[in-house]
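Please read the structure below before turning to the comments.
All of the numbers you see were taken from the coordinates with simple rules; none came from a lab. Worth saying up front: this structure is predicted, and the values here are computed from it rather than measured. Positions of Cβ are generated from backbone atoms using ideal geometry, with glycine treated the same way; all protein chains shown enter the neighbour counts.
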Amino acid sequence: MGGQCFDSISNTDLLALTSDQRTFFRQVKRLWKNYHLNDMKVGTTRQTSALTGMGEPYDYQKARDFLSDKGLLLDRGYDYGHSWFLQTIPEDAVKQIQTILDMDWKL
């Protein structure tokens, strides 16, 4: 599989890993989901927060419909998905990412 595959890895697949490997996988997955686009967001903070109630998997049109139903498709004049917002990655997450990048990846 090329590209993102975190969502296709099941809990059963994770059972084949050691406890330390599962912990590491979950850490990388959390960092990836939160920051993989250099933390660029297509919604305001209020829109993004509301979408946590939508569930997975993410679909752009479903997200727009969900926000429309909640009265948040337009938030202070911003139409969801029409530009990018930068939200600074927290320093602790930057340190975690740097630690992973600095690991000795001998296989």
Segment 19-42 scanned against label point 7 Å out from residue 104 along Cα→C-beta; backbone N under 11 Å for none
Computed over the chain: longest principal axis from alpha-carbon atoms vs helix 91-101 long axis, angle to nearest 10 degrees, is 40
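Which of 54, 40, 103 comes first, and how do the rest follow, when ranked by fewest Cβ neighbours within 10 Å? Intermediate values should be presented prior to the final figure.
Details: 54 15, 40 12, 103 8.
Listed from fewest to most nearby Cβ atoms, that is 103, 40, 54.
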The size of the Cβ-based charge dipole (Lys, Arg +1; Asp, Glu -1) of the chain about the Cα centre, to the nearest 20 debye, is 120
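Counting pairs of alpha carbon atoms under 8 Å apart in space and at least six apart in sequence, what relative contact order in percent does segment 41-86 give? Before the final figure, lay out each step's value.
Working: 38 pairs, mean separation 26.5, N = 46.
Value for segment 41-86: 58 percent.
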Here, segment 9-48 modelled as identical Cα point scatterers in vacuum has Debye log10 I(q)/I(0) at q = 0.15, 0.21, 0.23, 0.28 Å⁻¹ of -0.50, -0.70, -0.76, -0.91
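From the C-alpha coordinates alone, can you work out the Kirkwood hydrodynamic radius of segment 41-86, in Å?
10.4
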Subtracting the Cα-Cα distance of residue 89 and residue 64 from 0.36 nm times their residue separation yields 6.5 nm
The base-10 log of I(q)/I(0) that the Debye equation returns for the chain at q = 0.15, 0.20 Å⁻¹, one scatterer per C-alpha, is -0.81, -1.15
In nm, the gap between the two label points placed 7 Å beyond Cα toward Cβ at residue 19 and residue 36 is 2.9
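Could you put 48, 23 in order, starting from the residue whose Cβ has the fewest other Cβ atoms within 10 Å?
Details: 48 18, 23 11.
With the sparsest Cβ surroundings first, the list reads 23, 48.
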Taking chymotrypsin sites (Phe, Trp or Tyr not before Pro) in a DSSP loop with at most 16 other Cβ atoms within 10 angstrom as exposed, one finds the longest site-free stretch of the chain at 1-57
